[in-house]
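Below: one structure, written as structure tokens.
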Amino acid sequence: MVDTSQAQLDAVASIEHEREESARRGARAARRQSLLQKLGIIIPFALVLVAGIILVPSFLSASNITNMLVNGAILAITAYGMTMVIALRGIDLSVGSTQAVAACVAAVSVNAWGLVPGILAGIAAAIALGLLNGVIVTKFRVPAFIATLATLGIYRGVALLFTDGAPVMITDTAFRSIATSSLFGIPVPFVLSVLVGAGFWFVLEKMRFGKHLVAVGGSPESATDSGINVKRIQLIAYVAAGATAGLAGVLLASQLGSVNGSLSTGLELQAIAVVVLGGTSMAGGRGNIVGTFLASLLLAMINAGLNLLNVPSFYQYIALGVLLVFALSVDSAQRAAVRRVFEGRVA
């Protein structure tokens, strides 16, 4: 009897030991996963930076650095809103068209009403388009891919109709100086991108809304069962995507000094690429604002380097496609690692 009881105790102890060991393995894997999510962009960022310095003599010139910071900042601001949408397992294919509408409205309004009213009009127009996307997805229950694919064309048509297909020259010198101004030697668009990014990081990492958004992305059904208003979260995320596209559109209009309805064509692919490359999962449930910011600068560095090397522009599309495939492959590998953790197969 004693031997039998001892054997049972040993068996229980062995099971408990195995559970503890499995938990430790899972915790180690989770830490590695978290580190990869947060720092994974650092390696390609450093490689491209070093390659640019070696291959392009003027890569670190003041004009090129300013150009990279401004272009990266405008892309990053657009991608912050996309980060929220993708983190909740959505997509917004209309950001390029939304940005075009915002830039065109801002340009016409600045010429007619002045600096501040024109900027507000451009951002307000983009917020309205983001709200419409959110309503279509939440109220009419149209899948996000289909909804925003449709509005991509609709909004592009609106931008072309608004400008009558002709370029709009911006005459307000104060507005045109926004993108070229600096604060303590740092381009104003870059400063804005850091401030806006810090705000989005705080919302996602520290506020209840951010926790709810990630929960919705992880499992909308479980989030609903937990009492989270899923439709409200989705609606706000699409409005945020519209707002950031609008702000970026205003900055782009200031940078160019002239806009047209074809502005920002293909921007949606760039935004998706930098968001996923930055560590946000296409499967939802994970967002990384810092990674989005760094990936935007990475893409700006690649484009600047190719331009300085006089590489034809179509190679930039190839580079973007390769980056997107790489980012999706990394995202897939990360999700596979998570599945193995839950299945207890991680060593």
What does the accessible area of Glu268 come to, in Å² to the nearest 10, when a probe of 1.4 Å is used? 30
If I stretch the segment between Ala283 and Ser63 completely, what's the gain in nm (0.36 nm per residue apart, minus their alpha carbon distance), one decimal? 75.3 nm
Ranking Ser94, Ser226, Ser262 from most to least accessible area with a 1.4 Å probe gives Ser226, Ser262, Ser94
Check: C-alpha center segment 101-159 vs C-alpha center segment 232-276, spacing in Å is 10
Once you have the Cα-Cα distance between Leu120 and Val322, take 0.36 nm times their residue separation minus that, and quote the gain in nm to one decimal. 69.0 nm
Find how much the distance from Glu221 to Tyr315 grows on full extension, using 0.36 nm per residue of separation minus their present alpha carbon separation; answer in nm with one decimal. 29.6 nm
Point-to-point label distance, Thr171-Arg232, nm (Cα→Cβ direction, 7 Å offset): 4.7
More than 23 Å apart - percent of Cα-Cα pairs taken over segment 238-329: 29
Solvent-accessible area per residue for segment 34-339 (1.4 angstrom probe, square angstrom): 44
Which value in nm describes the separation of the simple spin-label points at Leu131 and Ala198, placed 7 Å from the Cα toward the beta carbon? 2.9
Once Rh for segment 34-339 is found with the Kirkwood sum over Cα pairs, what is the Stokes-Einstein diffusion coefficient at 37 °C and 0.692 mPa s, in µm²/s? 169
Through the Karplus equation 6.51 cos²θ - 1.76 cosθ + 1.60, θ set to phi - 60°, convert the phi angles of segment 162-174 into ³J(HN,Hα) values in whole Hz; use x for Gly and Pro. 4, 9, 6, x, 10, x, 10, 7, 9, 9, 6, 5, 5
Let me check something: with ligands and nucleic acids excluded, how do Phe59, Phe190 order by accessible area (1.4 Å probe), largest to smallest? Phe190, Phe59
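The values are calculated or read from the model by the stated rules, or taken from the named source; none is laboratory data. This one's a predicted model, so the numbers in the text were calculated from it and none came from an experiment. Counting neighbours? That spans all protein chains shown, and the Cβs are built from the backbone with ideal geometry, glycine included. Calculation scope for accessible area: heavy atoms of the full protein, side chains included, ligands and nucleic acids excluded. Shrake-Rupley method; radii C 1.70, N 1.55, O 1.52, S 1.80 Å.
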